[in-house]
1. Please list, or write none, the aspartates and glutamates whose alpha carbon is within less than 14 Å of the alpha carbon of residue 568, excluding same-chain residues fewer than 8 places away.
2. Cut-off under 21 Å on the C-alpha distance; same-chain residues fewer than 8 positions from residue 750 excluded. Which lysines are left, in chain and number order?
3. Got a sec? What order do 495, 659 fall in by accessible area at 1.4 Å, biggest, i.e. largest, first?
4. Could you bin all the Cα-Cα distances of the stretch 721-814 into 10 Å bins starting at 0 and give me the percent of pairs in each, rounded to whole numbers?
5. Relative to the Cα centre, what is the charge dipole magnitude of the stretch 515-573, using +1 at the beta carbon of each Lys and Arg, -1 at the beta carbon of each Asp and Glu, and rounding to the nearest 20 debye?
6. Can you find, among 454, 492, 383, the residue sitting farthest towards the positive end of the charge dipole of the stretch 365-496, where Lys and Arg contribute +1 and Asp and Glu -1 at Cβ?
7. When only alpha-carbon atoms count, how far does the stretch 694-750 stretch along each of its three principal axes, as whole angstroms with the largest first?
8. Can you send over the carbon and sulfur percentage of the accessible area for the stretch 209-287, probe radius 1.4 Å, protein chains only?
Amino acid sequence: MPRNLHFYRLSDIGRQEGNRAQRLSRLKAISSLALLLSAGLTGPALAAVPAPEAAAALDASVGLDAVVVTARRRDEDAQTVPIAVSAFDARQLEATRTYNVRDLQQLSPSLSVSVTNPRNTSINIRGLGNNVSVYNDGLQAAVGVYLDQVYLGRPGQAVFDLADIDSIQVLRGPQGTLFGKNTSAGALVIATQAPTFTPEFAGDVTGGNYDYSQVHLVASGPLVADKLAVRIALADTRRDGYMTNVYDGSKTQDYHDFGGRLQMLAKPSDQLTVRLSADYGQQISNTSATVLTGLLTTYADDGAAYPNGYLARAGRIGFTPLAIDPGARRVSTDTKNSYFETHGGASAIADYSLPGATITAVTGWRAWHWRPHNDADGTTLPAAIDFHQDNDQQQWSQELRIRSEGDRTVDYVAGIYYFWQKIKALAVNQYGPYGADWFLAPAAGSAAVRAAALNNYRFESRSSPVTKSAAAFVQATWHVTDRFDVTGGLRYTDESMTGYFRQTASGTDISSLSAADQAAVLALRARFGAANSFSAKTSGDSLTGNLNLAYSFENGPLVYATYSRGYKAGGLNLSNINTAGANAVDPVIDPETIDSYEAGLKSAWLDHRLTANLALFWTNDDSYQTTQVNLINNASFLTNAGRVRSRGVELDLRAAPIEGLTFYGSATYDDASYTAYRQAACPIEVHLTPYCDLSGRRLPGASLWPASTGGEYRHAVGTVRSAPVEAYAGFDANYRSAYYTTAADSEYSKIPGYTLVNLRIGIAAQNGAWDLQLWGRNVFDKLYYLSLAAANTGAVSGTLGDPRTFGLTLRARY
C-alpha cells in the first residue's frame, strides 16, 4: 500500500458502510467536465490521468485511501456521508505544519479565521459565524469548536498549539441535531490522539529563522495490560519578532507557547471505556503591533477635510510618525503591546456498550484567562498609557447521548446537553499626560479644560455575563433501500444570559474651575467614558432541525439535498452604552435564525484514484448579530443587522494518479452579503450621514473566491540499515480574494487578495520511524494583512501576516 499523504485506511465502519463501498468503485464512464475541473485546480499532473478504458491496467495498489469522519457521531467514510465536511488527519497536519487554527484555513477555503490576538479571534464558515469586528463577551459563537467532544465557550480558547492531534474536521452548516451545543454556522471538531496499549514514543524538534524553535514530545503505553493506558504530550514553541520598534530597537511579534496534556484510558470491562483528560497551556507574546499604511485626510463623499487628523495630533504632541512603508516592518511606540494567556481543563468521556447501542457521557470543565496590555495611541509619547480588557472565563458542560449500532433499518443518535459559562471582565482605559493634545482638538475647549478633562484620566469597567443552555436533540437515518436514505433531526434549546456592567471613573480634581468649565470638562469626559451602571438579561427557546435526502447510484456518485434550520441565541451589550435617553442603545441583542439549503454530489473515479465532490449552498440569516462603531470615541456596541445571505459553490478534488503522487484542490465561490441592513453605521470615510444602507454589500471577513491546492510526491531512494527510505517533495498554496475587516465595509479596511505558497522537501523512513524535513512558509515573502482599518485619528494601519519563514524539522517515532 502506498503512503498517501492526505488519507488513512478505514479498517471497520460496519455493515452499512460495507454495503456502500461499491459507491467508491470506478465509474463506467468519465465526463470530460470532471477532468477539466481536476486539471484546472490541481495542475497538469491530473490531466495525465488515464482514460477509463486504460484504468483497469493500472496498479491496483494505487489510489486514495478512505477518509474517516465522525460528523454523524460514528466512524464513516467521508465519501458516503451526505454532508459537506473537510477532514485532515495527523499526517497532513504535520506535513503542512498546520499547528494552529489560523493556518487551518489554508487547507479549507470555506473556513475563515481572523486572529490578531487570542481574544480577538473570529471563526467563520461560508462567511457566517462571528462578525470579524465583533469582540464582545456578551455574544456566543455561531461556529462551535469542540476539543475531544467538549465545546469551547470562547473563540480565544481555540488558539493553542495543535500538537498530538488525531484529526480535525470542518463541518459546514447548522449542526445542532448531532452536537451538544447549538452551532448554527458549522463546527470545528478537533480530536487528540488517545492513549494506546502498545508503547509509543514520538517527538520532533524544529529550528528556523527568527530564532524559531519547536519541540513536541509524546509518550503512551499501558499501566495495566489491556485495562489502563496513559498518554503524555508536551509542546513548546517560541519565536523572536520580525518587526522592529525604532523607539528602543526591540523586536515585536514574538511569542512563546507552552502546553501539555495528560490522558488516561481505562477499559474495566468489554462494555465500558472511560477516557480522562487534563490539559494546560499558556501563551506569552509581544504582538499585535500595527504598521501605518495610509492617512485619511478627506472624506470620500464630499471631499471635505477630515478634522483633527493624524498629522495634526502628532504635531501637537511633538511626535514624528514613521514614513508609510509597511514592507519595512517598523513601528514606533513607547509601550509594547503584549498579552499573557492561559487555558486548560479536564474532561471525562465514558462509552458503555449495550446490545445494539452505545451510551456516551461527556463531562467537561474548562477555564480561560486573558491578560493584555495595549498602547492605544501608537506613538512614543504617553497619550494613552494602557487600554485593555482582562477576561476570566470558566465553563462546565454535560452531555449524555445514545447511538445505535449494528445492522439496522434505522440508525439514530439522541442526547441531552447542558452548558454553563461565566465570564468576569475588567476593562481599563488609562490616559497619560499627553491625552488631551492627542485625542481632543483645540476646538473642544480651552487648553485648561481639555487638560483637566483627559490628561491622566482613567476609567474602569467590570462586566460579567452568565450563560445557561439546555437542549435535547435527536437525529435518525432511515435506510429506505440500499441506495436511498432519509435523515431527519430535531433539537429543542432553552438558553438564557444575565449580566451587568459597572463603570467608574477618576481624573484631575476640577473643583477649582468655574462652573462653566466644570460642565465642559464633564461633557468631554462623558464622550470617552464616565460612571455608568446597568444590568440586563435575555432568554429564549427554539425548535430547530434538518431533513436530508441521499441517493447512491449503482457504481456511481452519491447525491444529496439538505434543509437545516439553525438558531443562535441572543446576547447582551455589556459595554459603555446609554440605556436611556435620546441616544439609548438596547442592551439586549436579538437571536439569529438560520435557514440553510444545500445540494451536493460525491463521486469517485478511476478505481478511486480521483474523488470529486461538489456542494451548492444557500443560507439566509435573519437578525444577524454585528457591531456599530461610534466614530467620535471609537466605542462599539452590538446590534442586529436585519438579514444576511451566504450562497455559493464548493468544489473539492483529491487525486492519486500514480504511486507516491497525491494532489488536492479546493475552491469556494461565496457570495456572502447583507440583504437588509438599512440603518447601519457608515464607513469612516462618509461625512455627515447618520446612517448608511449596506444592503447588497459584502459581509466582512468573507472572500468571494478562496481556494487552496497542493500535492506531494514520494519515491523510494534506498535503505538505511536495511530499512526502506523514501524522499519526498510537496507544496501547498492558498488564495483569498479581497475582503473587508470592518462591519461598515470601509474601503480603508479592505484587505487586498493574496496568495501564500509553502514548500517542503524531506527524506523519511517508510515505516515512519524518522523524518527529516526542510520547509518554508510564505516562500515568496508576500506582504499581506491580518487586519486593516482606519482609526478615528485618520491613521490607516494594519497587522501584518508572517513574512517568509523556513526551518528544519526532525521527527522520530518508536
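The values are calculated or read from the model by the stated rules, or taken from the named source; none is laboratory data. Quantities reported herein were computed from a predicted structural model and do not represent experimental measurements. Cβ: placed from backbone, ideal geometry, glycine included. Neighbour counts: every protein chain shown. For the accessible areas, the whole protein counts, side chains as well, though only heavy atoms, and no ligand, DNA or RNA atoms are used. Shrake-Rupley method; radii C 1.70, N 1.55, O 1.52, S 1.80 Å.
1. Those aspartates and glutamates meeting the cut-off are 494, 495, 541, 590, 592, 595, 621, 622.
2. Cα-Cα hits under 21 Å: 782.
3. Output order, biggest surface exposure first: 659, 495.
4. 14, 31, 22, 16, 11, 4, 1
5. Roughly 260 debye, rounded to the nearest 20.
6. After comparing all options, I get 454.
7. 67, 15, 13
8. The nonpolar share, carbon plus sulfur, comes to 59 percent.
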